[in-house]
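Asker: Below are the structure tokens for one structure; questions will follow.
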Amino acid sequence: MWGGRFADGPSAIMREINASIPFDKALWRQDIAGSKAHVAMLAQQGIVTAEDARAISDGLDRVAAEYEADGVPEDWDLEDIHMTTESRLAELIGPVAGRLHTARSRNDQVATDFRLWVRDAIDQMDAGLLGLQQALVTRAGENAASIMPGFTHLQTAQPVTLGHHLMAYYEMARRDRNRLADARARLNQCPLGSAALAGTGFPIDRQATSDALGFDRPTANSLDAVSDRDFALDFLMAAAQCSLHLSRLAEEMIIWVSQPYGFVRMPDALSTGSSIMPQKKNPDAAELVRGHSGRIVGCATALMVTMKGLPLAYSKDMQDDKPPVFEAAGLLALSIAAMTGMVAECTFNTDRMRQAAELGYATATDLADWLVREADIPFREAHHITGAAVKLAESKGVALDALSLEELKAIDARIDQRVFAALSVDASVASRVSYGGTAPEQVKARIAEARAALGME
């Protein structure tokens, strides 16, 4: 490729640092699709003959069949997937292959291929997140009234239902899908025809190639089109945020599966054993999801730093745009699949969850609220009275509703028999009827809405 300008080929060091074929071969399907759309447009515009266009298109189909069967060969002298495909095309159909590159550059070619790849990745991630949401909604429906402790600071706070807890992650996944949809909408403009940076003098039809490749419209500025990687950053930012949500769910599973909690039992297929301790069942899949999130965030950071100081238009630094995107997409797909399997197949110990809620004084706020509502006591005073009741219950090793009326009245004489209707975990949960609250009727309503939104009806 360099022969017309350079007397000597690249040195061994330059050859190695310059070659991107080891990773950009992942773009081969998109590269073939872009080339077929381009040559069809060239024929439509009379820039190449219909006969040559057919030969090129048929040849590209043969190259694609070879790649599908045997993989993409890695000849570093050909540098990248674009030259690898064009070289093989020339071997198959002869010099006419050289007409394919009319009115385009590798700059707009790779920008188009990369957008197509990211668009496909977004669609795959969205499908995976849909599956996770369906698993969360299904398990939430089974446990809309199953009581567990709700936590702040990892300390028992107030009783909630397991269904309510799982639906919190449904909401996170819903926002993740929204972010991916936003990223997809922004990227769906076609750079092909921008050429190296300034457009082309050939009478091309950019709308035709845009339509053929499923884009909404051509990009409006050729300089921006070949140098923009916002679409890749948008994807990585959405992937990073999604990975943080998956990591939070994984962390809870790791905590819940531990013997002191005993809230959940992991499926065998997503657990491992110990090489020395036969009793161990380790939540390794969840731990790896938690670890992968750091790598995905690192991928986003890597591309941001790569892009931060680049002048217009294309610079070779941008060759390093693809590895972090490819890595993040692979890790995220694995993480989504792992967490979907965990949610769908784990066994929840709802009896243990309820016991933990009862012994964690989770209804203390309900006692304070009762004192405010029924005894007309200022909340700060009620808070103090409730603290004394918790201290007594803790010293006796019982739940708040296990204290006798006499014991409660000894703390404050204004407490009467009616208080016990507010002190059970069932009463506490049932009272949280505000929209989005943990009352089973509210949880069931949100589940019904989610099922309808996901097409699960």
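The values are calculated or read from the model by the stated rules, or taken from the named source; none is laboratory data. Here the structure is a predicted model, which means the values were calculated and not measured. Note: ideal-geometry Cβ built from the backbone for every residue, glycine included; neighbour counts use all protein chains shown. Accessible surface areas use protein heavy atoms only, side chains included; no ligands, DNA or RNA. Shrake-Rupley method; radii C 1.70, N 1.55, O 1.52, S 1.80 Å.
Asker: Which number in (1) open to solvent by 40 Å² or more (accessible area, probe 1.4 Å); (2) over 19 Å from Ala53 (Cβ atoms) marks the one condition that Ala121 misses?
Answerer: So the condition that Ala121 fails would be (1).
Asker: Right, here's the next one. The conditions are (1) acidic (Asp, Glu); (2) open to solvent by less than 20 Å² (accessible area, probe 1.4 Å); (3) under 14 Å from the mean Cα position of the chain (by Cα), and Asp321 fails exactly one of them. Which is it?
Answerer: (3)
Asker: Kindly check whether there is at least one residue in region 3-26 that is assigned to a helix (DSSP H, G or I) and at pLDDT 95 or above.
Answerer: Kept after step one, since they are assigned to a helix (DSSP H, G or I), are these residues of region 3-26: 12-18, 21-26.
The next check asks that each one be at pLDDT 95 or above; those that pass are 25-26.
The answer is yes; a qualifying residue exists.
Asker: To continue, here is another question. Please return the ranges of helices (runs of 4 or more DSSP H) entirely within region 296-393 where 1 or more residues are over 30 Å from Pro159 (Cα atoms). Working first, answer last.
Answerer: Working: elements: 322-345, 350-359, 364-375.
Result: 322-345.
Asker: Tell me, which residue of region 409-421 that is assigned to a loop (DSSP other than H, G, I, E, B) and open to solvent by less than 50 Å² (accessible area, probe 1.4 Å) is nearest to Ala375 (Cα to Cα)? Break it down stepwise before answering.
Answerer: Step one: of region 409-421, the residues assigned to a loop (DSSP other than H, G, I, E, B) are 412-416.
Imposing the further condition that a residue be open to solvent by less than 50 Å² (accessible area, probe 1.4 Å) reduces the set to 412, 415-416.
Numbers: Asp412: 11, Ile415: 8, Asp416: 9 Å.
Among them, the one singled out is Ile415.
Asker: Working only within region 359-387, note down all residues that are within 19 Å of Val160 (Cβ to Cβ), surrounded by fewer than 22 Cβ atoms within 10 Å (Cβ to Cβ) and acidic (Asp, Glu).
Answerer: Of everything in region 359-387, just one residue is within 19 Å of Val160 (Cβ to Cβ), surrounded by fewer than 22 Cβ atoms within 10 Å (Cβ to Cβ) and acidic (Asp, Glu), namely Asp369.
Asker: When you look at Pro260, is it in a loop (DSSP other than H, G, I, E, B) and either over 30 Å from Thr112 (Cβ atoms) or of a type outside the set (Val, Ile, Thr) (or both), yes or no? Give the derivation first.
Answerer: Numbers: in a loop (DSSP other than H, G, I, E, B): yes; either over 30 Å from Thr112 (Cβ atoms) or of a type outside the set (Val, Ile, Thr) (or both): yes.
Considered against the rule, which asks whether it is in a loop (DSSP other than H, G, I, E, B) and either over 30 Å from Thr112 (Cβ atoms) or of a type outside the set (Val, Ile, Thr) (or both), Pro260 comes out as yes.
Asker: Could you please tell me which pairs satisfy a Cβ distance under 6 Å, a separation of 6+ or placement on different chains, a first residue in region 422-448 that is more than 16 Å from Glu358 (Cβ to Cβ) and open to solvent by 30 Å² or more (accessible area, probe 1.4 Å), and a second residue that is modelled with pLDDT of 95 or more and assigned to a helix (DSSP H, G or I)?
Answerer: Arg446/Met167
Asker: Sticking with this one: Out of the residues in region 93-108 that are in a helix (DSSP H, G or I) and open to solvent by less than 40 Å² (accessible area, probe 1.4 Å), which is farthest from Asp58 (Cα to Cα)? Please lay out each step first, then the result.
Answerer: Pass one, region 93-108, residues in a helix (DSSP H, G or I): 93, 95-101, 106-108.
With the extra rule that they be open to solvent by less than 40 Å² (accessible area, probe 1.4 Å), the set shrinks to 96-97, 100, 107-108.
Working: Val96: 12, Ala97: 11, Leu100: 12, Asn107: 24, Asp108: 23 Å.
Filtering first and then ranking leaves Asn107.
Asker: Next up: Those residues that are open to solvent by less than 40 Å² (accessible area, probe 1.4 Å), touching a residue at least 24 places away in the same chain (Cβ under 8 Å) and in contact with a strand residue (DSSP E or B) (Cβ under 7 Å, 6 or more places away or on another chain), I need them from region 192-227; list them, please.
Answerer: Of everything in region 192-227, those that are open to solvent by less than 40 Å² (accessible area, probe 1.4 Å), touching a residue at least 24 places away in the same chain (Cβ under 8 Å) and in contact with a strand residue (DSSP E or B) (Cβ under 7 Å, 6 or more places away or on another chain) turn out to be Gly193, Thr209, Leu213, Phe215, Pro218, Thr219.
Asker: Oh, and also: Would you confirm whether any residue within region 61-76 is closer than 20 Å to Asp108 by Cβ and out of contact with any Leu (no Cβ under 7 Å at 6 or more places or on another chain)?
Answerer: Checking region 61-76: not a single residue is closer than 20 Å to Asp108 by Cβ and out of contact with any Leu (no Cβ under 7 Å at 6 or more places or on another chain).
Asker: What about Thr85, is it in contact with a helix residue (DSSP H, G or I) (Cβ under 8 Å, 6 or more places away or on another chain) and open to solvent by less than 20 Å² (accessible area, probe 1.4 Å)?
Answerer: Numbers: in contact with a helix residue (DSSP H, G or I) (Cβ under 8 Å, 6 or more places away or on another chain): yes; open to solvent by less than 20 Å² (accessible area, probe 1.4 Å): yes.
It is true that Thr85 is in contact with a helix residue (DSSP H, G or I) (Cβ under 8 Å, 6 or more places away or on another chain) and open to solvent by less than 20 Å² (accessible area, probe 1.4 Å).
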